[in-house]
Structures are given as C-alpha cells and as structure tokens.
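The values are calculated or read from the model by the stated rules, or taken from the named source; none is laboratory data. Treat the numbers as computed from the prediction; the structure is a model and nothing was measured. Glycine also receives a Cβ, built like all others from the backbone with ideal geometry; neighbour counts cover every protein chain displayed.
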Amino acid sequence: MKLHYEIPANDLTYAGEASSSVKKKLVQLGIDPALVKKAAVSMYEAEINAVIHGNGGFADVEVSSDRIIVTITDKGPGIPNIELAMQEGWSTASDEVREMGFGAGMGLPNIKRYTDKLDIDTQIGEGTKVTITVEFNKRL
Amino acid sequence: MAKYFHSVTLDESKCRGCTNCIKGCPTEAIRVRQEKARIINERCIDCGECIRICPYHAKKAITDDLSCIFDFKHKIAIPAPTLYSQFTPEYTRNMLLNALKKIGFDDVYEVARGAEFVTEATKKLLADKSIKKPLISSACPAVVRLIQVRFPNLIDHLVKLESPMEVAAKIAKKKAASEKQINLSDIGVFFITPCAAKATSVKAPYESKKSSVDGVISIKDIYLKMLACLDRLKEQEQLLQAGYEGIRWANSGGEGLAIGTDKFLAVDGIHNVITILEAVESEKIMGVDFIEALSCTGGCLGGPLNVENVYVAKTRIKKHVDDAKAMDKSDLLQDTYNDNIDWTEEIEYTPVMKLDDDFGKAMKKLEDLEKINDGLPGLDCGACGAPNCRALAEDIVRGMAQETDCIFKLREKLRDLSIQMQGLGNMPSYAVNDEHEDKSK
C-alpha cells in the first residue's frame with residue numbers, strides 16, 4: 001500500500017498529521033503496537049524536521065507485510081554536517097521554534113533510535129530526503 | 001458471565017436514532033442501525049459520555065437498587081468522596097455520613113480513606129527507579145479500559161494498585177469481621193457511585209478475579225432519601241475517617257496533589273485524556289512522573305450519576321477539604337492497613353480497530369476503505385448511523401454497512417437511475433424526432 005502526504009512549511013499547528021494518519025492505518029492492519037510506535041515516532045520526528053527546517057515537502061509511505069518505508073522529502077537548505085546533526089542536543093532551530101517546545105536537537109537521534117534503517121540524502125541548497133525503514137518481522 | 005459486561009446500556013423505547021451519542025463517543029463504539037443506537041460491546045469503555053449527551057435519556061447506567069442491600073445481614077456503605085459535594089454547605093461531612101447510614105446501612109467506611117492508602121502505595125512506586133515513568137493512575141476505570149483498547153504501549157505505565165473503592169471495601173469487611181465477629185459471607189459492601197464505569201469494574205473487574213464490592217448504588221438514586229434523613233437527623237455519631245487528601249481525590253488534580261510531587265500532570269475529560277495519552281505514547285511529554293487522567297470533565301465531581309452541576313460541586317468539595325484541613329487528625333477514626341494492594345490479574349491489549357486477523361486481508365480492506373472514504377462527501381453528518389465518513393467506510397469493508405447508507409451516495413445513485421430511466425423513456429421519441437428532422441431537410 002502506498003500513501004502520499006503533503007507536509008506544510010513552518011506551520012507547527014498541523015504538524016504531525018501525516019504520521020498520526022499512518023499510525024491509525026498501521027493499527028487497523030494489526031501491526032504489533034510496539035512496532036507501530038517505532039514507525040509513528042520516527043516518522044513524526046522526520047515530519048517535524050521537514051516543517052521546521054525543510055520548508056515543508058511531502059511524505060511517501062510504503063507499507064508491506066514485512067516493513068514500512070517512509071520517505072520524507074523537503075526543499076530546505078540541506079544539512080551541512082550530518083555527523084553534527086546526528087548528535088543529541090545539537091540543533092539549528094530558531095528561538096521561536098524552541099519556545100514552542102521543539103528544536104531540542106533530538107529529531108534525528110530519535111529517528112535513529114526508533115528505526116531499523118535510516119538513510120539521509122542531502123544536497124546543500126536543494127533539500128533533504130530522509131528514508132526510514134521499520135521491519136515488521138524483526139524480533140523486538 | 002458474558003464476555004463483555006457494560007453498565008452503560010440503551011433504553012430502546014426512548015432512543016430516536018439521532019446522531020448525538022455516535023458523534024460524542026470517544027471510541028466510536030456506537031452506530032445507529034434500524035433507527036436505534038447500538039453499542040459495539042468490545043469498544044465501549046463505559047465512560048458515560050453518551051449518557052450525558054443523550055437528549056432523550058435513552059442511555060442509562062445499570063446500577064444496583066438500594067433494596068439489594070437487604071440480601072446481607074451486615075450492610076456497609078462506602079461512599080465516593082464526590083457524594084459530599086452534592087449537598088448544600090450547611091451539612092457537614094459527618095452529618096452526611098450519618099444520614100447515609102440511616103437510609104439502611106449498619107456502617108459506613110469512606111472511600112476517601114482508601115484513597116489515602118493507595119496514595120501511600122503509589123508514592124513507593126514513584127520512588128522505585130525500576131518502574132517505567134510516567135506512571136498513569138488507574139483510579140478511573142474508563143481510562144484503564146481506554147488504554148486497553150487504544151494505547152497498548154501504555155499498559156506497562158499503569159499504576160497496578162487496587163482502586164480506593166476496592167481497598168475501602170476490603171478494610172470495611174475485615175474490620176466488621178474482626179470487631180463484630182460477623183461471617184464474611186454475611187457482610188455486604190456497597191459503593192455509592194458517581195459513575196457507570198465503577199459499576200462495570202465491580203461486575204467485570206480487570207485487576208482481580210472478583211471484586212470485594214457486593215453492589216454499586218448511584219448517587220442520584222439515594223440523594224433524596226439522604227436529604228430526608230438529613231432533615232430529621234438529631235444525634236450524630238463520629239464517623240469521619242479520611243483526611244483532606246483523600247477527600248480531594250474527588251476533584252481533578254486531587255490524586256496528583258496527594259502524592260506530593262511537582263512532576264504530575266492532571267487531565268480530565270475523555271477527549272483531553274486521549275490527547276495527553278497520545279502525547280505520552282509518542283514520548284512528547286517530558287519531565288512528568290505521574291499522570292492523573294480522569295474520564296469526566298472535572299474529575300469524579302463531573303460523573304454522570306451525580307445530581308449537582310460539576311462546577312457547583314467543585315466549590316462544595318473545597319469546603320469539605322478546608323474543614324478536614326482544619327481538623328485535628330486525632331479526631332478521626334484512623335486505622336492502619338498493610339495488606340498488599342497490587343493487582344492480581346493483568347490486562348491485555350484488545351485490538352478493536354484491527355480490520356482482519358490476516359495481514360493480507362487487512363491490507364485489502366484498508367485499501368478498499370481508503371477508496372470508499374475518498375468517494376464519500378466528508379461532511380461527517382452521521383446520517384448513515386456511523387460517527388463520520390471514515391467510520392462508515394470502515395463499516396462497509398467490515399461488511400456491516402453499505403455505500404448507499406450515505407444519503408448523498410443514495411441521492412447520487414437515484415439521480416443516475418432516474419437519468420437512465422428517462423433515457424429509456426425517451427428512446428422512441430428520439431427516433432420520431434430524427435425522422436421528423438430528416439423530412440424537414
């Protein structure tokens with residue numbers, strides 16, 4: 001099953017709707033709750049990143065009996081230093097975003113923690129594509 | 001006993017098949033079929049939202065009649081602290097307990113005192129570093145059921161301690177048996193309840209095999225009897241057991257305040273509870289060790305079986321809390337209780353939203369559901385009997401409804417049919433016209 005969602009730019013009020021919709025569908029498919037959580041939390045973080053840093057974009061989701069693959073593509077500035085971005089607590093979020101309780105520098109680290117595979121394809125000035133895989137058959 | 005017992009039920013004769021209850025149900029557990037509301041048993045969490053919202057009073061809570069207490073030789077009432085908030089301030093808590101006893105009981109024991117024992121045990125769990133935080137209170141049975149059907153990842157966060165009601169019932173029975181030498185089987189303990197969910201939790205408990213409570217009587221059913229006794233109350237015996245911390249449990253935030261941590265979050269109203277639990281499940285809430293979640297707006301003071309408005313009740317319970325604060329603890333009939341109050345049974349996730357046990361079939365159903373949903377008007381009017389268009393699409397793929405249950409789809413279909421019929425009717429005249437036109441040329 002393939003799903004497609006638009007991610008709005010800089011609008012935190014509706015941020016998280018795509019991951020919340022995917023979560024509901026995984027529950028209806030009867031996926032193990034712990035795996036649903038892994039997929040939903042990591043997709044949420046990637047979605048928020050696209051809202052805050054990436055000028056919005058879109059999410060493509062592919063669900064099969066073995067795994068879920070989420071690809072979040074944004075048209076943002078790109079990530080200059082992935083190693084830094086993967087560090088817990090390191091963030092380039094604006095003060096405004098931080099005041100709303102986001103930008104704690106936990107986005108990418110959390111995604112890594114919750115996924116079985118994380119690919120980041122980033123081009124400076126063009127955008128970032130984050131691909132998240134959660135395996136359904138893997139033993140917890 | 002049947003697999004699912006629910007206190008919340010429908011009085012068919014009063015139901016008009018309107019959309020009020022289906023729209024307000026937090027677990028989408030109600031459908032209107034053949035002009036009557038139907039409760040989907042495995043989804044209902046007994047929160048009582050439908051009882052509150054039904055304008056025709058067709059939704060009701062099954063509780064026990066006061067007469068059932070006479071099946072027992074020794075009858076003990078255990079009132080929820082909410083009871084005190086239902087009466088005007090001239091009646092002190094001790095007067096209320098005396099009046100409660102007078103309507104037919106041999107003794108009373110305050111559930112607020114049970115709450116104080118639960119508070120002590122919860123403090124120990126909070127201090128235990130090996131236990132997952134945030135802890136989520138299990139005091140509200142509707143919230144426990146909600147977690148069971150919608151938040152399986154939070155089951156391990158529940159405070160797996162018996163409720164103040166169960167603790168109070170156990171103490172009251174033990175006390176009567178030892179002090180008055182009465183056989184346990186002759187003692188009946190009756191909870192005076194503001195809510196339906198408690199009635200369900202007594203008839204179909206999740207924390208143990210059998211509840212220690214023998215019957216559940218609603219506040220509204222005894223309110224007038226108590227008022228009559230209050231007016232005739234001459235002598236009073238001292239019946240107070242609980243301090244202010246136990247009484248405050250009636251109000252939203254009371255349980256959290258009693259625990260004595262700054263890191264607690266109190267949420268009330270079932271839809272707000274869902275929002276918070278979603279945030280907890282996704283780990284979006286930081287720095288909170290304890291979550292007090294109550295299904296009714298205003299906590300138990302807002303229970304559907306109360307007689308007083310929740311905001312009036314809030315003012316009144318405050319007076320009882322203040323009075324208790326001013327009291328000397330030595331004036332209370334305080335006891336000790338050291339028995340284990342851990343749950344003896346576990347609750348398991350009930351995946352009520354799953355479309356099929358077979359993944360392939362579930363996937364097919366989900367794809368069909370999406371397609372059907374895209375074709376529906378998205379007005380969420382409820383006229384089909386489902387709470388929203390998506391729920392109708394879900395019912396269709398489950399084989400419980402059809403597309404033409406949607407009045408817009410039905411209208412479309414009728415229009416298509418009428419065009420087709422018109423077309424059929426027009427066919428011969430087209431031929432005549434064509435002939436006519438040919439001739440004119």
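Per the conditions (1) closer than 17 Å to A:L108 by Cα; (2) of a type in the set (A, V, I, L, M, F, W, C); (3) within 14 Å of chain B (Cβ to nearest Cβ), the sole criterion not satisfied by A:V51 is (3). Of all residues in the range B:57-86, those that are farther than 17 Å from B:A112 by Cα and aromatic (F, W, Y) total 2.
Where helices (runs of 4 or more DSSP H) fall wholly inside the range B:1-120, the ranges with 1 or more residues that are at pLDDT below 95 are B:20-24, B:49-53.
Per-residue answers, yes or no, for (1) at pLDDT 95 or above; (2) not hydrophobic (A, V, I, L, M, F, W, C):
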{"residue": "B:A197", "(1), (2)": "no, no"}
{"residue": "B:Y206", "(1), (2)": "no, yes"}
{"residue": "B:K209", "(1), (2)": "no, yes"}
{"residue": "B:V213", "(1), (2)": "yes, no"}
{"residue": "B:Y223", "(1), (2)": "yes, yes"}
{"residue": "B:Q238", "(1), (2)": "no, yes"}
{"residue": "B:I259", "(1), (2)": "no, no"}
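Annotation: of all residues in the range B:227-281 being of a type in the set (S, T, Y) and in contact (Cβ under 8 Å) with a residue 60 or more places away in the chain, the one that is surrounded by the most Cβ atoms within 10 Å (Cβ to Cβ) is B:Y244.
Tell me whether the range B:133-145 contains one or more residues that are surrounded by fewer than 24 Cβ atoms within 10 Å (Cβ to Cβ), within 17 Å of B:V280 (Cβ to Cβ), within 14 Å of chain A (Cβ to nearest Cβ) and of a type in the set (K, R). Scanning the range B:133-145 turns up no residue that is surrounded by fewer than 24 Cβ atoms within 10 Å (Cβ to Cβ), within 17 Å of B:V280 (Cβ to Cβ), within 14 Å of chain A (Cβ to nearest Cβ) and of a type in the set (K, R). Residues of the range B:226-241 being in a helix (DSSP H, G or I) and in contact with a helix residue (DSSP H, G or I) (Cβ under 7 Å, 6 or more places away or on another chain), which ones? Once the filter is applied, which keeps residues that are in a helix (DSSP H, G or I) and in contact with a helix residue (DSSP H, G or I) (Cβ under 7 Å, 6 or more places away or on another chain), the range B:226-241 yields B:M226, B:C229, B:L230.
Restricting attention to the range B:101-131, and to residues there that are aliphatic (A, V, I, L, M) and out of contact with any Pro (no Cβ under 6 Å at 6 or more places or on another chain), which single residue is nearest to B:L224 (Cα to Cα)? The selected residue is B:I103. Checking each residue in the range B:361-394 for being assigned to a helix (DSSP H, G or I), away from every other protein chain (no Cβ under 13 Å) and closer than 18 Å to B:K23 by Cα picks out B:C389, B:L392. Taken over the range B:340-360, the criterion of being within 11 Å of another protein chain (Cβ to nearest Cβ) and surrounded by 13 or more Cβ atoms within 10 Å (Cβ to Cβ) is satisfied by B:Y349, B:P351, B:V352, B:M353, B:K354, B:L355, B:D356, B:F359. Every condition in (1) over 25 Å from B:L135 (Cβ atoms); (2) without any contact (Cβ under 8 Å) to a residue 24 or more places away in the chain; (3) not aliphatic (A, V, I, L, M) is met by B:K284 except one, and the failing one is (1). The residues listed here are A:D95, A:D74, A:D11, A:D60; of these, the one that is over 26 Å from B:A391 (Cβ atoms), free of Cβ contacts under 8 Å to residues at least 40 places away in the same chain and more than 14 Å from chain B (Cβ to nearest Cβ) is A:D95.
Could you say whether any residue in the range B:163-181 is under 28 Å from B:L305 (Cα atoms), without any contact (Cβ under 8 Å) to a residue 60 or more places away in the chain and either of a type outside the set (V, I, T) or surrounded by 24 or more Cβ atoms within 10 Å (Cβ to Cβ) (or both)? The answer is yes, given that some residue of the range B:163-181 is under 28 Å from B:L305 (Cα atoms), without any contact (Cβ under 8 Å) to a residue 60 or more places away in the chain and either of a type outside the set (V, I, T) or surrounded by 24 or more Cβ atoms within 10 Å (Cβ to Cβ) (or both).
Can you say whether A:G30 is within 14 Å of another protein chain (Cβ to nearest Cβ), modelled with pLDDT under 85 and at positive phi, as far as the supplied structure shows? Taking the combined requirement at face value, the residue does not satisfy it. Just checking, how many residues over the range B:367-379 are touching a residue at least 24 places away in the same chain (Cβ under 8 Å) and buried (at least 16 other Cβ atoms within 10 Å of the Cβ)? So the answer is 3.
Conditions tested, residue by residue: (1) within 28 Å of the chain's Cα centre (by Cα); (2) more than 30 Å from B:H157 (Cβ to Cβ); (3) hydrophobic (A, V, I, L, M, F, W, C).
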| position | (1), (2), (3) |
| --- | --- |
| B:P351 | yes, no, no |
| B:L355 | yes, no, yes |
| B:E367 | no, yes, no |
| B:D374 | no, yes, no |
| B:G378 | no, yes, no |
| B:C389 | yes, yes, yes |
| B:D405 | no, yes, no |
| B:R411 | no, yes, no |
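Output yes when any residue across the range B:312-326 is closer than 29 Å to B:T9 by Cβ and surrounded by fewer than 17 Cβ atoms within 10 Å (Cβ to Cβ), and no when none is. Among the residues of the range B:312-326, at least one is closer than 29 Å to B:T9 by Cβ and surrounded by fewer than 17 Cβ atoms within 10 Å (Cβ to Cβ), which makes the answer yes.
Matching residues to (1) surrounded by fewer than 17 Cβ atoms within 10 Å (Cβ to Cβ); (2) within 19 Å of B:S185 (Cβ to Cβ):
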{"residue": "B:R52", "(1), (2)": "yes, no"}
{"residue": "B:A61", "(1), (2)": "no, no"}
{"residue": "B:L66", "(1), (2)": "no, no"}
{"residue": "B:I76", "(1), (2)": "no, yes"}
{"residue": "B:P89", "(1), (2)": "yes, no"}
{"residue": "B:N94", "(1), (2)": "yes, no"}
{"residue": "B:L97", "(1), (2)": "no, no"}
{"residue": "B:V111", "(1), (2)": "no, no"}
